[in-house]
1. Could you tell me whether any residue of the stretch 195-214 is among the hydroxyl-bearing types (Ser, Thr, Tyr), closer than 30 Å to Leu301 by Cβ, within 16 Å of the ligand (Cβ to nearest atom) and buried (at least 24 other Cβ atoms within 10 Å of the Cβ)?
2. Taking Leu320 as the residue in question, decide whether it is closer than 16 Å to Pro111 by Cα, touching a residue at least 40 places away in the same chain (Cβ under 8 Å) and surrounded by 17 or more Cβ atoms within 10 Å (Cβ to Cβ).
3. Given the conditions (1) within 16 Å of the ligand (Cβ to nearest atom); (2) of a type outside the set (Val, Ile, Thr); (3) within 22 Å of Glu316 (Cβ to Cβ), which single one is not true for Arg144?
4. If I filter the stretch 367-398 down to residues being over 18 Å from Asn59 (Cα atoms) and touching a strand residue (DSSP E or B) at 6+ places or on another chain (Cβ under 9 Å), which single residue comes out as surrounded by the most Cβ atoms within 10 Å (Cβ to Cβ)?
5. Could you list, in sequence order, all residues of the stretch 241-268 that are in contact (Cβ under 8 Å) with a residue 12 or more places away in the chain and either farther than 30 Å from Asn308 by Cβ or among the polar types (S, T, N, Q) (or both)?
6. In this structure, does Val406 turn out to be in contact (Cβ under 8 Å) with a residue 60 or more places away in the chain and within 30 Å of Val230 (Cα to Cα)?
7. Being in contact with a His (Cβ under 9 Å, 6 or more places away or on another chain) and hydroxyl-bearing (Ser, Thr, Tyr): is that true of Ser340 here?
8. Looking only at the stretch 111-131, count every residue that is within 15 Å of Thr260 (Cα to Cα) and more than 9 Å from the ligand (Cβ to nearest atom) and tell me the total.
Amino acid sequence: MIDRRGFLAVLGASGLGWPGTLEHFSRQAQEGGAPGDEAFWTFVRGQFLIPEDRIYLNNGTLGPSPRVVVEAVAEHTRRVAATFPPSVPWDALKDGLGTLLDGDPEGFVFPRNTTEGMSFVANGLDIGPGDEVLSTDHEHIGGREPWSSVCRRRGAELRTVALPAPAQSSGQLFETIAAGLTAKTRVLSVSHVTFTTGTVLPVRRLADLCRERGIIFAVDAAHPPGMRRVSLRSLGGDFYASSPHKWLLAPQGTGLLYLTPEWRTWLWPSVASGGWDDLELGAHRFNHLGTFDESRLAGLLAAVEFMNALGMDRVEARVLYLNRRLKEELARIPGITVVSPELLELSSGMVSFGLDGVESLRLQRFLAREANIRTRVIGEYDYGWMRLSTHIYNTMRDVETVLELVDRAARRGLPGD
Ligand SMILES: Cc1ncc(COP(=O)(O)O)c(C=O)c1O
C-alpha cells in the first residue's frame with residue numbers, strides 16, 4: 001500500500017508533480033465562509049468550471065467537480081500513460097474520508113456508485129424464502145432495485161412503507177417506518193436523505209431499533225457526504241453506501257461503501273478476485289475488483305481534501321442557508337406546494353414542490369430557456385415534483401433568479417398557456 005507521502009514522492013520523482021492549487025485553495029479558504037458571506041462563496045464558485053451563464057441546480061443527480069479534482073484525475077491519467085507504477089493513495093484516501101465522515105478508515109470500500117454499493121450489500125447477504133426486506137416509497141431505484149432483484153431470485157418479499165410529504169417531524173418519520181417492521185423483517189433499507197424531497201430520515205434511531213430487534217440496517221446515503229456533517233461512528237447501522245460524485249464533488253463514477261467491523265468478515269463479496277476470502281484484509285478485500293479506473297480515486301482524494309479544507313461545518317451551514325431561503329420564498333408564491341419539510345433538522349440541499357396546474361416538465365423547460373437553469377423533475381412514483389438542489393458553488397443570485405422565474409410562472413402562467 002502506498003500512503004499520501006509515498007504518492008507525492010512518486011509524483012515528484014516522475015516530474016509530473018501534484019497540482020499545487022489545492023494547497024493554494026486551502027490557504028485562501030481559511031478566512032470567511034459564514035453562510036451569508038457572498039464574497040467568500042463567489043470565490044468558491046470560481047474554483048469550478050461551470051459556465052458563468054449557467055445556474056446549476058441539480059447537484060442531487062451529479063455534482064460538478066472543482067478544478068483541483070479535474071486536475072488530480074488528469075494528472076493520474078498522465079502518470080498511467082507515462083507508465084509510472086500504480087499509485088492508488090489508499091491510506092491517504094481512507095484517512096481523509098475517516099476525518100470527513102468521522103469513521104474508521106479501515107471500513108471503506110470503493111465501488112463505482114451507490115447502486116453498486118447497495119448491490120454488493122444485497123447480493124452479499126444470505127436472504128431466503130420467508131424473509132422480508134422493508135423499504136419506503138421515497139427510495140431511488142439505485143437503493144431499491146438491488147433488493148428487488150435479490151428478493152425475487154431468493155423468494156423473499158420486498159415491502160414498502162409510505163412516508164409523509166412534507167414530513168412534520170423526525171418522530172413521525174420514525175414511527176411510520178417502525179410500524180412497517182414485522183417479525184419476518186430481515187433487512188431495513190432506507191435513504192439517509194431522500195432524493196424525492198431531500199428529507200433527512202431518522203437513521204440513528206432506526207439503527208438502534210434494528211440492533212435491538214436483530215434486523216440488518218442498510219442505509220442508502222447517496223446524498224449526505226459532502227452535504228451535511230456525517231458521523232459514521234455514532235450513526236450505527238450495518239451498511240452505508242454513497243455516491244461521492246454527488247455532494248462530495250468527486251469524479252463521475254466514484255462510490256463509497258462503509259462496512260461495520262463485523263460485516264467486513266461476514267459479507268459475501270459479489271466480485272471475487274485474489275484475497276476475497278482473506279479475512280485479515282477486512283473491508284479491503286472488497287476493493288480487489290480487478291483492473292479499474294484508478295484516476296477517479298485520485299480525484300476522490302482531491303475532493304475529500306477540498307471539502308476538508310472548506311470544513312463541513314461551513315459547507316453544511318451554507319447548504320442549509322440557501323435551502324431555507326428557497327423554501328421560505330417558494331412557500332409564499334401562490335399555487336406552490338412545497339413537499340420538503342420545513343424543520344431545519346430534516347432539511348438538506350434539496351427542495352421539491354408542485355405548482356398548481358403546471359406540469360413540472362414544462363416548468364423545467366421554461367427555467368432552462370429563460371436563464372439556463374438545470375433542474376430535476378421527480379417523475380418517480382408519479383410524484384411529478386420539481387426539485388432544486390443548491391450547493392457551495394451556488395450564489396444567492398442563482399437562488400433569486402430561480403425564485404423570480406417560478407414566481408412569474410405562477411402569476412402569469414407559462415408562455416403558450
Ligand atoms: C437516494 C439515491 N440513491 C441512489 C442513487 C443512485 O446513485 P448512483 O447512480 O450514483 O448509483 C441516487 C441517484 O440520484 C439517489 O438519489
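The values are calculated or read from the model by the stated rules, or taken from the named source; none is laboratory data. Bear in mind the structure is a predicted one, so any value in this text is a computation, not a measurement. For neighbour counting, all protein chains shown are included, and Cβ atoms are generated from backbone atoms with ideal geometry for every residue, glycine included.
1. No, the stretch 195-214 has no match at all.
2. Against the criterion (closer than 16 Å to Pro111 by Cα, touching a residue at least 40 places away in the same chain (Cβ under 8 Å) and surrounded by 17 or more Cβ atoms within 10 Å (Cβ to Cβ)), Leu320 does not qualify.
3. (3)
4. Looking at residues that are over 18 Å from Asn59 (Cα atoms) and touching a strand residue (DSSP E or B) at 6+ places or on another chain (Cβ under 9 Å), I get Tyr383.
5. Selection gives Ser242, Ser243, Gln252, Thr254, Thr260, Thr265, Trp268.
6. When the stated conditions are applied, Val406 does not pass them.
7. no
8. Looking only at the stretch 111-131, we keep the residues that are within 15 Å of Thr260 (Cα to Cα), and these are 117-118, 120-121, 124-125.
In the following step, the residues that additionally are more than 9 Å from the ligand (Cβ to nearest atom) were identified as 120-121, 124-125.
Count: 4.
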